[in-house]
1. With a cut-off of at most 14 other beta carbons within 10 Å, and DSSP calling the residue loop, which GluC sites (Glu not before Pro) in the stretch 101-164 qualify? Please list them.
2. DSSP loop (so not H, G, I, E, B), at most 16 other Cβ within 10 Å: list which trypsin sites (Lys or Arg not before Pro) in the stretch 155-198 pass both filters.
3. FRET efficiency for ALA263 and HIS181, Cβ-Cβ distance as r, R0 = 30 Å, nearest 0.05?
4. Excluding same-chain residues fewer than 8 positions from LYS172, which lysines have a Cα within less than 16 Å of its Cα?
5. What translational D, rounded to a whole number of µm²/s, comes out for the stretch 94-218 from Stokes-Einstein when the hydrodynamic radius is the Kirkwood one over Cα pairs, at 10 °C and 1.306 mPa s?
6. Given the Cα atoms of the chain, and with Rh set as the inverse mean 1/r over their pairs in the Kirkwood sense, what is Rg to Rh to two decimals?
7. Using a Debye calculation, one point per C-alpha and no hydration shell, please list log10 I(q)/I(0) for the stretch 164-276 at q = 0.11, 0.15 Å⁻¹ in order.
8. List the lysines whose Cα lies under 24 Å from the Cα of LYS78, skipping any in the same chain that are fewer than 8 positions away.
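The numbers here are math on the coordinates, done by the rules we state, and not lab data. Predicted model only: the values in this text are computed from it and were never measured. Here the Cβ is made from the backbone with ideal geometry for all residues, glycine too, and neighbour counts use every protein chain on show.
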Amino acid sequence: MKRGTKFKDLLRGLLPKEVIDRIPRSFYIVGDIALIALDEDIARSHGKVVAQAIMQLHPSVKAVFARGPRYGVERVPKLIHLGGERRTTTIHREYGIRMLVDVEKTYFNPALSEEHRRVAETVRNGYRVADLFTGVGPFALHAAKNSFCYVLASDINIDAVKLLQRSIGMNKLRGLVEPIHADSIGLLRSRSLMSRFDVVIMNLPHEAYKYVADALEIARRGGLVHVYVVARSEDEAASLVSEHAGASARYRILEIRRAIDYAPRKYVFRVTIERV
């Protein structure tokens, strides 16, 4: 294989041009599992060729799946096995952290690796962190790896919580992570989180902005709330957060950062606000 060979180069001559045009140029690699967004008809009829091309380009990949849209509150995708091993669990490595991920039962996006690191850098020794909608716990693990902190990590997906529990034992952490199987929205609105937090993380882009006022209620003065939002622009992201922040706590927006692309002309932004 020539240096600089691209994924679609390997498909030319093996699949019709009209099929290749419908196949995306990129795909996710989680641990040693590749996930590519394919329409079901292509996955069923040409999936084996696609899988072989991916594994030829990335010899470390041992399993390939087509992923459909994410569905449900747990944000898990429908998968179709294309090639390689028939397993969905893997160990993903990110900045020295090992995370156990089941790509079929849990949500995980490796494109957010830089976000996991950046947000963890806002956590200091002695901080209390609420990582709501934690999933398999990338934010929680990064924070506890870097700092002597306490992280309450909650998620409604019991499979994600169990994987996080196992990942904690796979890493040398400075801080303490407490995984909790719970509806994070319910936790916020029940006011059962009576202690104040120095950092609140809410990575549920289509919904989290609706609960910014609740997050500010559990943040101490000077504390940060990191909320992820799907929007077309920084201004739209700021407006969504401001509209739902309410008047119960004073705050200011410190940073708006585009995290990842979501769809044509739509992006996931991180809006960081400080309670003042």
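1. GLU121
2. Values: sites: LYS162, ARG166, LYS172, ARG174, ARG189, ARG191, ARG196; in loops: LYS172, ARG174, ARG191, ARG196.
Here the sparse-neighbourhood loop sites are LYS172, ARG174, ARG191, ARG196.
3. The calculated FRET efficiency here is 0.45.
4. Output for LYS172: LYS145.
5. On the way: Rh = 14.3 Å.
Answer, rounded: 111 µm²/s.
6. 1.01
7. -0.39, -0.70
8. Cross-link targets: LYS8, LYS48, LYS62, LYS105, LYS162, LYS266.
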